[in-house]
Amino acid sequence: MEIYTGTGDRGRTSLFDESRVAKDSARVESYGTVDELNSLLGFVRSGLEDEEIAELIFSVQRELFDLAGELAAPGGEDFPEKIEEKHIERLEEKIDSYLEMMNEEEKGSFIVPGSSEASARLHMARTVCRRAERRIVTLSRETEIRAVLLQYINRLSDLLYTLACYLEADLDYVEFE
């Protein structure tokens, strides 16, 4: 098997439907940033001791493959696996579940990332998730994107923030007045 084809040597790449676009197009930027997020979540997961959170992140990674795939499919209709409302509902259930386990001081506070390695990694993933969201918004100005994709990525950043807060060992709160 050859890993290199040379077809991208001139700055163009193939999409799901085999059409070719510039590697810096809004579409490639959007699914490329989702791919970056997926890789970073693998890094997060590799350092987690909490198996429940690791399993949750693994399931999110699988969903991100579907999200990126749909973004790589112009029109999205032909991509077989899609993010649906049920995926968003599951993220919301997990957010609520972890928030219930936190004390009131931990909820809604801004945290300076870095009090624990796992939390710092989750904060890094959260910021990449927010960038992926911005890239998808940019793409949505050029072509129709299903609203559920933006809802999912927005809710995912909320989940990553919640998990980072939950895993903080020594919380460094920043009070904003």
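One residue alone among Glu77, Glu144, Glu81 is assigned to a loop (DSSP other than H, G, I, E, B), farther than 15 Å from Cys165 by Cβ, under 18 Å from the mean Cα position of the chain (by Cα) and at pLDDT below 95, and that residue is Glu81.
Matching residues to (1) surrounded by 21 or more Cβ atoms within 10 Å (Cβ to Cβ); (2) modelled with pLDDT of 95 or more:
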position: Ser140; (1), (2): no, yes
position: Leu159; (1), (2): yes, yes
position: Thr162; (1), (2): yes, no
position: Val174; (1), (2): no, no
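Considering the conditions (1) out of contact with any Asp or Glu (no Cβ under 9 Å at 6 or more places or on another chain); (2) buried (at least 19 other Cβ atoms within 10 Å of the Cβ); (3) not basic (Lys, Arg), Ala68 is excluded by exactly one of them, (1).
Residue count for the range 1-33 under the criterion of being aliphatic (A, V, I, L, M) and either over 22 Å from Leu149 (Cα atoms) or part of a loop (DSSP other than H, G, I, E, B) (or both): the result is 4.
The values are calculated or read from the model by the stated rules, or taken from the named source; none is laboratory data. This one's a predicted model, so the numbers in the text were calculated from it and none came from an experiment. Glycine also receives a Cβ, built like all others from the backbone with ideal geometry; neighbour counts cover every protein chain displayed.
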